[in-house]
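A short worksheet on the structure shown next.
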Amino acid sequence: MIQKSSNLKKNKQGEAGQSPQMDFIALTAHQLKKPLSEIKLSLQMLLDGDFGEITKEQKNFIERILERNETLICLVGDLLDMYQIGDKKTPYRLIPVDVEDLIASILIFEQDEVKKKKINLRFEKPGQKNKKVMLDREKMRIALQNIIDNAVKYTKEGGNIKITLDSGQKELKIKIEDSGIGIPEDQKEKIFTKFFRGANVIRVNAAGSGLGLFIAKNIIEAHRGKIWFESNENQGSAFSVSLPIE
Ligand code: ADP
């Protein structure tokens, strides 16, 4: 355990140049990751009846614990992502990336939730016109995944999500539109700040850390890209990302 932790500290310190406080947070998050996943697995087994039948009351109770555990898993994941990225620009390893391919690989992980919520998700690709962009693939994956995750998380059952990819001469645009709960007018200016969570989302969805969009903005801007959104409460949101084509 100790050895693992010191490795993490050594690698990441060199990469991100983080503060000792951030090292400590990342180290703690790293240690929490495994037990939280094990708790999730055990609770899931209990729910699935692997240890015998459970009553409706027990099922409801376990589901609530699972939900709270999911919140912790989310927070731990986001803290680790934040540590990797740091508040300041860190060395990015840029390679030519096919963004269509990257989005398709993110969507694979969303499939279960999309199916469960009967969401109609469409991905409109530009086909031949698609251009490769110089990106740090893994970091951009984190950014786009956070935005797509939100669209799935904050869209009600039977809702719609549309992802469009549009490549121009100088930039590639990605738009993620949802028919979800939207963002209240008085909260719009805080959306990209650290730990911010909308009052309307706290009411409907417990899982989340308020770090996802802060991390996404950081990564996108480090690629000289932009992120912005339009939203109407109870109608939906559209997050757009533009990335320069080299
Ligand atoms: P989290 O989702 O963990 O709360 P994020 O940083 O990803 O944190 O998002 C910050 C806040 O922005 C959310 O809590 C929510 O209020 C709002 N938000 C982000 N995406 C959406 C969306 N697609 N629909 C509605 N609200 C959103």
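The values are calculated or read from the model by the stated rules, or taken from the named source; none is laboratory data. Computed from a predicted model, the values in this text were never measured in an experiment. All Cβ positions, glycine included, derive from the backbone under ideal geometry; neighbour counts span all protein chains shown.
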In region 166-176, what count of residues is obtained for those that are part of a strand (DSSP E or B) and either closer than 14 Å to residue 111 by Cα or over 19 Å from the mean Cα position of the chain (by Cα) (or both)? 4
Could you tell me whether region 177-195 includes any residue that is part of a strand (DSSP E or B) and either crowded, with 16+ Cβ neighbours inside 10 Å or more than 8 Å from the ligand (Cβ to nearest atom) (or both)? yes
Scope region 49-106; condition at pLDDT 90 or above, basic (Lys, Arg) and touching a helix residue (DSSP H, G or I) at 6+ places or on another chain (Cβ under 8 Å); matching residues: 59
Count of residues meeting criterion [away from the ligand (no atom under 11 Å from the Cβ), touching a strand residue (DSSP E or B) at 6+ places or on another chain (Cβ under 9 Å) and touching a residue at least 60 places away in the same chain (Cβ under 8 Å)] in region 133-159: 6
Test of understanding: among 142, 108, 147, which residue is closer than 24 Å to residue 221 by Cα, part of a helix (DSSP H, G or I) and out of contact with any Phe, Trp or Tyr (no Cβ under 7 Å at 6 or more places or on another chain)? 142
In region 35-58, anything over 21 Å from residue 74 (Cα atoms) and surrounded by 14 or more Cβ atoms within 10 Å (Cβ to Cβ) is listed as 46, 54
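Restricting to region 197-246, count the residues that are aliphatic (A, V, I, L, M), outside any strand (DSSP E or B) and more than 9 Å from the ligand (Cβ to nearest atom).
So the answer is 6.
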